[in-house]
Structures are given as C-alpha cells and as structure tokens.
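Student: The following block contains the structure, expressed as structure tokens.
Just so you know, all these numbers are worked out from the coordinates, no wet-lab data involved. Owing to the predicted nature of the structure, the values given are computational and were not obtained by experimental measurement. Here the Cβ positions follow ideal geometry from the backbone for every residue, glycine too, while neighbour counts run over all protein chains shown.
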Amino acid sequence: MTGRGTERLADLATYVIALVLIALFAAPLLWLVSLAIRTPAEVFLGAARFIPDQPTLANFEQILTDRTFGLYLWNGIKLCALGAMGALVVSVPAAYVFSRRSFRGASALMLGILTVQMVSPLVLLIPLYRYMERLGLLETHAAAAGVYMALGVPLSVWMLKASFDAIPKSLEQAAAVDGCSPAGTLFFVTLPLAAPGMASAFILNMLMGWSQFLVPFILLSRDQLQPISVAIFNFAGSTSASTTQLLAAACVITVLPAIAAFLALQRLIVSAIMAGAVKG
Amino acid sequence: MTMSDTPVAAQKAPRRPKRARPAAWPWLAPALLMLGAFYLVPILDVLRLAFGDATLLRSVESYGLEGIQQTLSSPALPGVLWVTVVFTAASVIGILATGMLVALTVVRGEMRGLWGMSALRTVVLTAWVVPGIANGLIWQMLFSEAPFGALNSTLAVFGIAPVRWLSDPSNAMVSAAIANVWQGTAFAMIVFYAARKGLSQDLYAAAAIDGAGPFARFLFITLPQMRAAILVATVLVTIQTLNTFDVILALTGGGPGRATEVLSLFTFNTVFYNFDLSGGSALALILVLIALLLTVVYIRLLGDRPDQDK
Amino acid sequence: MTHRFLRILGAVGAACAVGIPSSLAAQDLITRDRVGLPDAPNTMTFRLTAYDLYSSDDATRTAFEELFAEFIEARPDWKIETQIATDNIGQEQARLLEQARAGRGPDCAMIDSSQLALFKSADVLTPMNAHWSEAEIDDLFPFVREAVTNEDGDLLAWWWFTDLRVLYRDTRLVPDAPQTWEELQAASLATVDAGKEGVLFNGGRWEGTTFDWLAHFWAQGGQLVDDEGRPVFAEGENREKFLTAINFYKDLVDSGAAPPRVTSIVNYDDFNAAAAAGTTGLFIGGNWQYGQLRGTLPVEDFAAWEVSAIPGPSVDARATGTGGWTIAAMSDDEDAVRICAEMIREIYSGQSNAIQGLLPTSAAQYERFDAFDGPEYDVFAQALVDGQARPGVPIYPEISNNIQILIGDVLSGAATPEEALDAANAAVQAAYERL
C-alpha cells in the first residue's frame, strides 16, 4: 500500500471517529434543545417525545426579552473574565519559577497551592460568607471576582508549569547570553512559546468560572449582581405551569456566549502572543 | 521575619556571588498573596470547624477529636468511600481516555485539513458549559426506564432489551459516570490539545522514516512527550471528580439506597440535611487527604525523573 | 470570530434593552428587585421564590403584579426590596439561616414548611401575633397551627398554602378507587395484565420518596419522633408499623404490581409523562398535578383520570403528607414586620391561593373563593382531614434521608427491611446526638 493510500485510509478513520464522537456528545444536547422548543403541555411528555408536535421559539423569545437576562449574562462574563485574567497574571511568574528553578520546598508549595482546589466548596460556603462579612465585602463583585481568581490560581500554576516545562531551556539561555533579564526572557521568549498553554489555562479558568454556582450564590444575594449561573434559577419558577421549557431555553442561550467567548478568545490569545513573538 | 531582620537581608543580597539566582519568592508573591487574601482564612476556618462541634444552628462550643472520631466511625463511611473510589476511577479514566481521543482526532484532522474538527471540539466543549441545572433534565430523560425512556427506546429499535440504568444499584454507578464523563471530557481535551499542539512535528517525521506505525508513534512519542500534560490533567480531573456531586444529585440523588453516594455528596447531606457543619468539615478534610495522597502517587508515577530534570 | 462574539453580545443587549413592557404602570412600580418607588423612605426586604410575582408564567405574573401594585400604592411611603430564592432548598435555607444569624437576613422571607422547624429552633423569627386574631389562628388546620406557633403561643410564620398526596387513576383501567392496600395491589396487577407498568410512586433518593411513603406509616398511627423530638420510629410499636409499611412497598415491587424502576423516580413530573404516554393507569402524586394533567392530556384522556385518597391498611386508616410554603418575618423593625404581615394577608393568604390553585390552610378560605369549586377540591379538602405534616424538628431531614436510603435498599433487594431499618436508626441516632 502506498503512503498516500495509508493517509487516505487514516483520514477515513479520523472522520469515522469524529462522527461517532460528535453523535455521542451531541445527543444529550439535542434533548435539551428538544425541551427548549416545547410548549408547556408537551414538556410533561418528557422522554416520550423527541420532536415536539408543535415546536415553538416562544421560550427563547421570552428569555431574550427578559429585561434582566442581559445583565445576568454580563455579570457572568465580567466575573469570570476578571477571575480568569487575574488568575493568569499572578500565576505566570509563579509557574515560571516552579518550572525553571529548584528551590527548597518547591514541591511542597506546589502541593500546598493545589490544596486550595481540594477543599470542598460546600463546606467553605459558610466560612467564606463569614470572612467576607467581616471584611465588609458581601454583595460586591470585587469579592466574588477575587474568589474566582484565587480558585483559578492552582489550576493555572499547574498547567502553566507543565507548558513551561515543555519549552527547551536552551532558547532562554541564548536570550540570557544576549543580555536579557529573567523577566525579559520570560516575557519575550518563553511566553510566546507557551501561548497555547496560556490560552488553554485562561479558557479553562473562564469556563470553570462560568459554571461556578456556590461562590456567587453565597456572596451575592442582590438580583442585580448575580451572574447567570445563579440567576438561571429565576426561570425555574411556577407551581402549576411547567417552566422546564423556559429553563432549557435559558440553558441553551447561556451556553452560546460561553462558546463564542471560547472560540474568539482562543484565537485571539494565541495570535496575540504569537504576534508578540514575531516582533520580539 | 521581624522588622530588624529586613535591613540585614537587604544588605546581604548584593554581596551574593553574581551567578547565584535571585530568590524565588518575589515570583511567587502575587499568587500566594491572592490565595492568602481571599481563601486562606476560610480554609483555616474549615480546619477549626473540623475539630469542633458546630452545626448550622450554633457555633463551636467545644473542641476535640470526638467529632472526627464519630465521623470516621460512621457505619456508612466505608460504603461511601468505596463508591467514591469506583466513581472516581471510572470517571477519571473515562475523561482522560475520551479527552485524549478527541484531542488527537482534532489535531490529526486539523493537520490534514479535514472538515468538521471544530464542530467536534465545540460540541464537546458545549457539554461542559451547559449549566448544571440542565444535567438533571437531560440525563433523567435519557436514562429514563419508563417504556418510552430515550436510551431504552433507542435500544429497542435494535432489539436490545431495556436496561435498568438507574434503578439497579450497580448500573446506576455506570450511568452516573457516563454523565460525568460526558460533561468532564472537555477539560482533558483542552489540556491535551494544547500539549499535542506544542509537540514538534520533527519527532513524528523521524519516527515515520523509521517505519513506526501510528500505534507505535502514539506509544513511544505522543505519550512520553505529553507526560507533563497528562500528569496535570490527571491531577486536576481527579480533584474535580472527587468534588463533583451535582451530576449525581440531579440524576440519582445518591441512590438507590447509597449506591451512588460519593464522599462529596455524603458531605453535602451531612451539612444540609443533618446541619452538621463540623462533621461536614471533617469529611472535607478526609477528601483533601485522599486528593493529596492521589496527587503524590500520580507525581511518583508520571512526574519528571530526577536524572532527566537537572 | 471576535466580531461575531461582539455581535452576539450586542444582540443580547439590544433584546434586553427593548423588552416589551406588559403593563406600564406596573412596570414602573415593579422591577426584578423592587416593588414600589425607588425613593420611598421606608424599605422592607422580602426573599421570595420565583413562583409568583416573578413567575415565568405570564398569567400568574400579571395577576401578582396587579396585587403588588395595589398593595404598594396604598402605602406610598414603602418599597419592598425583593430577593429571589433559588429552588436548591438545602443551600437556599442554609444561606438564609446564616444571613439571619449574621443580622443580614431579609425582613420577611418565604420558608419551605419542612424547613420551618430549623428556623424556629434557631430563634431568628419575629412573632406576628399582633396581626392575626385568635379566631383566625384557630381556624387553621391543626397540623398547620401546630407548625407555625411555638409553646408560648407566638405565631412565628404564616403557612399560606399546603399540598397533599393522592392516588391518581385512569378510570378506563381502574373504574373504582382502591380503598385499601390490598385493593391497590389487585388493581395495579390488573393494569399490568392490561399491558401497563403498574402503580408508580416516588422510590428514588429524594424527599418526595419519604414524604409519600410516610402516608402508609402514619395511616397506622406510626410516629417518627416522640414529644421531645427524639427519633423513635424504630422502637416498640412504631417499629412494627414501620416494617409493615415498608413490606407493603416491597410486596408491590416483588409481586410486579409496581415496576422496579420506582427506585429511580425522583420527580413527580415522571408520573405526568407516564400518564401522557399512556403507560400507567395508577400513580401516587401531588394535588398540583391535577392541573398539570389537564394541560397535558387530550381532553378525552384527561376526563378518564380521577383522584382519590391514598389507600390505607384498612378503609378507615388513611393518611396523607402535607407540605407547602410559609412566610415569616425576621426583622426587629416593628413597621417592617407589620408590612410583611399585611402583605401576607392581602396578597398571599387567600388571593394567591385562588390565582395559583394552591390549597388554602383553613377551611373558611375554601368557601371564600370560586377557584376551589371543582370536584377535585372536594377530594383534596376531605383528604386534608387526614393530613399530616412532617414533624417540626431539626432532625427530620436526616430521618428523611435515611428513609430514602432504606426504601432504595429494600426495593432494589440490597437489604432486608429489618437490616435497613436498623442501619437507618443507627445513623439517625448518631446524627441526633451531634445536633
């Protein structure tokens, strides 16, 4: 068999695998969409009907014309962007030093930082509330974004260290010979090379923040401050009529900005950092 | 450090030999300050509560080891720990394997300019950002054992007998893990995708010349080269899975019986059903210990070997 | 890519900014976090569920906007700052309790009737005696009165609607309402012979399972806790009654009268789905489902469904669990408490029941509103006579948790009823000591 033939065969295999994966991951989402386009009467049919007899976009319309839905979305984007950005900024130097230096207690410190992520947020809920109350920071976005940031640090440090580790030291040594300071080396040599890693760390932080429920739930009870992850429950209300279809529509709409942000930011970050590398 | 020490330290610094590296702490300071300012006090508070007898109704009245002892001797705990082990192992393996498969498929497809790769990435990612509240809605319908349940009706088309997805205790565990893998794969995919993208193509070109097949290339180039990323993904996915309970809560509530009650859900029940804040804190500490232990094991297995490092 | 992202954001923003106002006057007075004018000098804060004023159901929301607008127009010096509660009842009530203990709680809040005991024992509720007459309190159903008052006779909350569980049946399959356990089993087996699933009930890991099952325990006179609030369900006579009620469930599943999938049912909506798909002829559900079925089933199918009291061990021994929501004041400010009480009286108690078809908590109100004229309300009102609330003790949620585990273990065959009961009792007693 020729090389080209093998490649063709491999392409086919890639397509087959991709299609199977897409089907497996999309099926549950389609059920969510199925709920989102139902009338209240058809919601109670549950799994008994996949394609509604009377599909409707009214649910989406109701969510999109809700006067505060946009505010909830904005709050969500603001909190997780701030959190992700902050976490990345403070984590870069830490990850760099963990990757490039060996100093006493380094691994203990790495583990220590990771411990933050291990403590169950369920139990932290009450102490966190009391702490922020003492600081007078309840009902502020600053406190919530700060906690998002802190929660993003362990993940960022670990991920960035792994991507720094993958970059050959020889490149940096060359820069150092050229008279670059350590910070300069990091900024102009290492960071551009670590662009994919940084982009993924940022995106992971962002998306983890997007689904964060407990922190904003306990710190923010004023409606105007709530991110969509908490406020989505506002659409879950009715004792007699079903609101499941609205909830499903709200979930579908909520996903869109997150995905859009993901696609946009991924390219933006990678290209910005790589452009920097070319200029540097 | 006391005030009087500072000037001494400052004086000493310039006298260091030039090739000595500057201290590590200024690099670490921002991250540590951030953690300290927002998170340290609450975490220490959890530690304090674990050794007390606080409930949601009252603050700690006395400290001691009794609370921890009672928590550890709870007859339900061994079963809960076993469920946690099974669920975590199944989820982590499932998430890592699926994440790797998706990442490598996408990378290969992109290199060959194949169509549909960003669709695959996006759909996997969407599963992750779907709000937790939707999980219950979706998977309840899929796993429904009613005659019209989504999965069972699909199986029926192929002549397969209905499966007791949720009402059978051991199946319920598998179902919960499937739902969790569905949601969690994106994380591993992103990490692996970035790591694989960072690998030099030269390695593969050289291997191809040596006549290595795709499986050999995966085994001898991709896996070893991505070791750091695999370590990070394994550690983080494990920690996340250990702390996951919302998927299970929405799907089975931990049942039937305690068949799917993982440690984090047990903690949830202890705090919110039993109002036992101290007991919950003690359980949270157990969870931290398990996570730390696993992390150390992972580092031993997957971490840098000292001879390669320096 | 970036542009597309911005465009999406822009579209969302524009959609939100445009938002078509439903009623202009109500719109000015009512926003997502306020009722009244923003510059009104006095403020009462109110935490409410998203079920009424902020309901996603247009008709409900409009009716409530009118009630609230009228209420606040009569009190121009006041505004109500509203906070919406999520429906994660556990976390929601823990947060509310923590806020109240820190002195930052709302002046007035909706509390689930099953959580009221927690707030009573935390001593964060303000008595509202001044705002209701003795006669009005006496007119409440006994289980309601007992729950909302304390030993000193203080009225600590107003339980404004209740709910209960009943047996639903498709009269085409089961013409006569089963009155006893035996009749229920026979009727269920008959529906199985007709190709249906048998009787459905909650058997999964959630509060509904315990709550629905308790009817069978209570019908025999069983008690979960004694007068001091100590759990006694596994002692003496209670133990036998407990096992009898559990074995009744076990027999239903073992005999095929109920499908094994009941241990996966954690949602009343599943019954609606089964009724709509025509796969079941019998289920034990909530009174509110009657209205849901009316909206879901074709007219001729709906006409075939009827409700009756949950069967008991004998015709005379019947019970049903009653739930619902309360509203309580948490403020030290007498005026805020007064506004809270007046709001309950003018908006929630009575009016709100009628709008939403929620069962009132005193017999008199059934007469007052036409909304309760339907034949189903006769069944509900009659069944409420046998209504029993969950015990108002802080240990109840843990008892419930262990009963859920027990039912799952027994019905899935993982444990015998005796073993499961002993395990549940051990867990509850340990938890009780810690509480």
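Student: Could you tell me how many cubic angstrom of Cα convex hull volume the protein assembly as shown has per residue?
Tutor: Values: hull volume 193.2 nm³, N = 1025.
Spread over its residues, the Cα hull of the protein assembly as shown gives 188 Å³ apiece.
Student: Output the Kirkwood hydrodynamic radius of the stretch B:226-310, Cα pairs only, in Å rounded to one decimal. It would help to have the intermediate numbers written out before the result.
Tutor: Working: mean 1/r = 0.0688 Å⁻¹.
Radius from the Kirkwood sum: 14.5 Å.
Student: Then there's this: Nearest 20 debye, what's the magnitude of the dipole of the stretch B:72-304 about its Cα centre given +1 on Lys and Arg Cβ and -1 on Asp and Glu Cβ? Walk me through the numbers on the way to the answer.
Tutor: On the way: 10 positive and 9 negative charges, 94 e Å.
Roughly 460 debye, rounded to the nearest 20.
Student: Which value, in Å³ per residue, describes the convex hull spanned by the Cα atoms of the stretch C:265-421?
Tutor: On the way: hull volume 26.3 nm³, N = 157.
Cα convex hull per residue, to the nearest whole number: 167 Å³.
Student: Something else now. Per DSSP H run of at least 4 residues, take -39500 (n - 2.57); add these up for chain C, divide by its residues and hand me the 222 nm value, nearest 500 deg cm²/dmol.
Tutor: Numbers: 19 runs with 205 residues, N = 435.
The helix-only estimate for chain C comes to -14000 deg cm²/dmol at 222 nm.
Student: Another question, then. Only sites in a loop by DSSP and with at most 10 other Cβ atoms within 10 Å count here; which chymotrypsin sites (Phe, Trp or Tyr not before Pro) in the stretch C:81-149 make the cut? Can you show the working numbers first?
Tutor: Values: sites: C:Phe119, C:Trp132, C:Phe143; in loops: C:Trp132.
Here no loop site has a sparse enough neighbourhood.
Student: At most 16 other Cβ atoms within 10 Å and a DSSP loop assignment: could you name the chymotrypsin sites (Phe, Trp or Tyr not before Pro) in the stretch A:7-54 that fit?
Tutor: On the way: sites: A:Tyr15, A:Phe25, A:Trp31, A:Phe44, A:Phe50; in loops: A:Phe44, A:Phe50.
In loop regions of the stretch A:7-54 (DSSP not H, G, I, E or B), the sparsely surrounded chymotrypsin sites (Phe, Trp or Tyr not before Pro) are A:Phe50.
Student: Pick out which of B:Asp168, B:Asp276, B:Asp202 has the largest mean-square fluctuation in a Gaussian network model of chain B, springs linking Cα atoms closer than 10 Å.
Tutor: Fluctuation is largest for B:Asp202.
Student: Name the residues whose placed amide hydrogens come within less than 5 Å of the amide hydrogen of C:Val232, ignoring near sequence neighbours (fewer than 5 apart) on the same chain.
Tutor: The answer is C:Val225, C:Asp226.
Student: How large is Rg/Rh for chain A, to two decimals, with Cα atoms and a Kirkwood Rh? Mind dumping the intermediate values first?
Tutor: Numbers: Rg = 23.4 Å, Rh = 22.1 Å.
Expressed as Rg/Rh, it is 1.06.
Student: In degrees from 0 to 90, rounded to the nearest 10, what is the angle of the helix A:141-165 Cα long axis to the longest principal axis of chain A?
Tutor: Result, in degrees: 50.
Student: Also, quick follow-up: What are the GluC sites (Glu not before Pro) within the stretch C:93-164 that DSSP puts in a loop, where the Cβ has at most 12 other Cβ atoms within 10 Å? Show your work: numbers first, answer last.
Tutor: Working: sites: C:Glu98, C:Glu134, C:Glu136, C:Glu146, C:Glu151; in loops: C:Glu151.
Within the stretch C:93-164, the qualifying GluC sites (Glu not before Pro) (loop, at most 12 other Cβ atoms within 10 Å) are C:Glu151.
Student: Using 0.36 nm per residue, how much length does the chain from C:Asp333 to C:Asp176 gain when fully extended, once their Cα-Cα distance is taken away? Numbers along the way, then the final one.
Tutor: Values: separation 157, 0.36 × 157 = 56.52 nm, distance 5.56 nm.
Result: 51.0 nm gained on full extension.
Student: Please list 3J(HN,Hα) in residue order for the stretch B:277-287, calculated via the Karplus relation 6.51 cos²θ - 1.76 cosθ + 1.60 where θ = phi - 60°; whole Hz, with x for glycine and proline.
Tutor: 5, 5, x, x, 5, 4, 5, 4, 5, 4, 4
Student: Among all lysine pairs in the protein assembly as shown that are eight or more places apart or on different chains, how many have alpha carbons less than 29 angstrom apart?
Tutor: Close lysine pairs found across the protein assembly as shown: 17.
Student: What do you get for the angle between helix C:2-18 and the principal long axis of chain C? Use alpha-carbon atoms, 0 to 90 degrees, nearest ten.
Tutor: 80
Student: Ignore the peptide's own chain and count Cβ atoms of other chains within 10 Å of each Cβ in A:27-34; give me the average, rounded.
Tutor: Values: counts 7, 15, 7, 1, 8, 7, 0, 3.
Rounded to a whole number, the mean comes out at 6.
Student: Just to confirm the number: angle between the C-alpha axis of helix C:236-254 and the first principal axis of chain C, 0 to 90 degrees, nearest 10?
Tutor: The answer is roughly 80 degrees.
Student: Just grab the label-to-label distance for B:Ala89 and B:Leu223, each label 7 Å out from Cα along the Cβ direction, in nm (one decimal).
Tutor: Using points 7 Å along Cα→Cβ, the separation is 1.9 nm.
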